[in-house]
Amino acid sequence: MVVCSVDRYLAEAIDSILGQTFQDFEFIIVDFGSTDGSKSIISKYAAIDSRIKFYEIPHCGLAEARNAACSRAQGKYVAIMDADDVCLPERLAWQVDFVERHPEVGAVGGAVEWIDATGRPLATFRHPLTDREIRSGLLTHSVLWQPSVLMLREAFVRVGGYRGPFAPSEDYDLWLRISERFQLANLERTVLKYRIHPNQVSVRKMAQQSLGALAAQLAASSRRDGLPDPLTSVEEITPNSLAVLGVSRAEQQSYLASYAMHWIRSFCMAREYSAALNVAREILRSDVEQVERWQVANLWLVAARLSWKQRRFAEACLSAARAVATRPIILGRPIKPLLQSARLLRAR
């Protein structure tokens, strides 16, 4: 587990590891620059449970922190955990049993239950289970939830660990590289409660995460074709560097717009409507010139509905107008939901 200023959820995350039915483990926690009460919380737990190995390192990138934690592991397996999530008590027992019976598997994840900031259940999500299905899914997106994964330490070492420039898509890049040497799997069982909240790294660094994901796909495609990985020695992934390698600005912008819609839906599920509106605003303020018109219109439409829900009526009407101006064919689509929200039109 790597930690940086997440004291609100940290104790619950630590408790969920210490309470595992599988008890034979070392719990490596690396703090990489917390400025809140996180280090104090970890220290208190470390004082009462000798399985916790607590390390502090200077502030660095997320991938570097994960490498610092994983490099200290002494066991046969390495399980990843995030400091704002909650493990089910049988997670490690189920996963260790699975990999002991399937030594060809280099990493195994599992189903996750989404919860909101307060722990309220939202929905359960499952990724493909078999290696063949996972390899197919990895062509377009990550199909392993990082904090649900247990992997062979040998697999992690052989592929060189996380690559810093890909963060916060460092896990996607890692699974792609592990899949080239080992099989992958997901358990059908739910192993983790995955918390949806506005301060997640994936949201705060949404644009960089989309660039990292596209870069991971590009690198994997080159390796599959027997070519050198074009991103082996890159220090930073930027829109320009991807464009030079053949990922057009249109592809980059479209991917980011789709990624934003994913988080908007996730926040709406968690009733984090302000966070959802902020995501829509952020994307619409960015360069969307080459994004498909229907995607831009849908984002304006979503912004209109979210603004109306928060009683920002002038902003809602302006966003609805922008949606129509962007794609006139949707004329009529935004009007009915807005009027229904205002109780001016009966739902049929």
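Determine, yes or no, whether Ser50 is surrounded by 14 or more Cβ atoms within 10 Å (Cβ to Cβ), among the polar types (S, T, N, Q) and assigned to a loop (DSSP other than H, G, I, E, B). It is false that Ser50 is surrounded by 14 or more Cβ atoms within 10 Å (Cβ to Cβ), among the polar types (S, T, N, Q) and assigned to a loop (DSSP other than H, G, I, E, B).
Number of residues in segment 101-128 that are part of a loop (DSSP other than H, G, I, E, B) and under 17 Å from Ser16 (Cβ atoms) equals 5.
Of the candidates Ala69, Ala107, Ala63, Ala79, the single residue that is surrounded by 12 or more Cβ atoms within 10 Å (Cβ to Cβ), more than 16 Å from Phe25 (Cβ to Cβ) and in contact with a strand residue (DSSP E or B) (Cβ under 6 Å, 6 or more places away or on another chain) is Ala107. Any residue at all in segment 19-29 that's assigned to a helix (DSSP H, G or I), crowded, with 17+ Cβ neighbours inside 10 Å, of a type in the set (Val, Ile, Thr) and within 24 Å of the chain's Cα centre (by Cα)? Checking segment 19-29: not a single residue is assigned to a helix (DSSP H, G or I), crowded, with 17+ Cβ neighbours inside 10 Å, of a type in the set (Val, Ile, Thr) and within 24 Å of the chain's Cα centre (by Cα). Taking residues in segment 271-293 that are free of Cβ contacts under 8 Å to residues at least 12 places away in the same chain, and partners anywhere that are surrounded by 21 or more Cβ atoms within 10 Å (Cβ to Cβ), not one pair has Cβ atoms closer than 9 Å while being at least 6 places apart or on different chains. It is to be established whether one or more residues within segment 58-65 are in the same structural domain as Leu122 (by TED's automatic domain parsing), small (Gly, Ala, Ser) and farther than 30 Å from Val105 by Cα. No, that holds for no residue.
Within segment 30-44, the set of residues being surrounded by 15 or more Cβ atoms within 10 Å (Cβ to Cβ) and in contact with a Phe, Trp or Tyr (Cβ under 8 Å, 6 or more places away or on another chain) comprises Val30, Asp31, Ile42.
None of Phe156, Phe98 is in contact (Cβ under 8 Å) with a residue 24 or more places away in the chain, buried (at least 21 other Cβ atoms within 10 Å of the Cβ) and in a helix (DSSP H, G or I) except Phe156.
Within the set Val244, Val234, the sole residue that is surrounded by fewer than 15 Cβ atoms within 10 Å (Cβ to Cβ), at pLDDT 85 or above and of a type in the set (Val, Ile, Thr) turns out to be Val244. Among the residues of segment 30-61, those identified as over 26 Å from the mean Cα position of the chain (by Cα), in contact (Cβ under 8 Å) with a residue 12 or more places away in the chain and over 17 Å from Asp7 (Cα atoms) are Asp49, Arg51. Pairs linking a residue in segment 205-234 that is closer than 18 Å to Ala260 by Cβ to a residue that is at pLDDT 95 or above, with Cβ atoms under 6 Å and 6 or more positions apart or on different chains, are Ala213/Tyr172. When Asp131 is tested against (1) surrounded by 17 or more Cβ atoms within 10 Å (Cβ to Cβ); (2) under 20 Å from Gly19 (Cα atoms), exactly one condition is not met: (2). From the list Ala314, Ala276, Ala270, the one residue that fits, being small (Gly, Ala, Ser) and over 17 Å from the mean Cα position of the chain (by Cα), is Ala314.
The values are calculated or read from the model by the stated rules, or taken from the named source; none is laboratory data. Predicted model, so just to flag it, every value in this text is computed and none were measured. Using ideal geometry, Cβ is built from the backbone for each residue, glycine included, and neighbour counts are taken over all protein chains shown.
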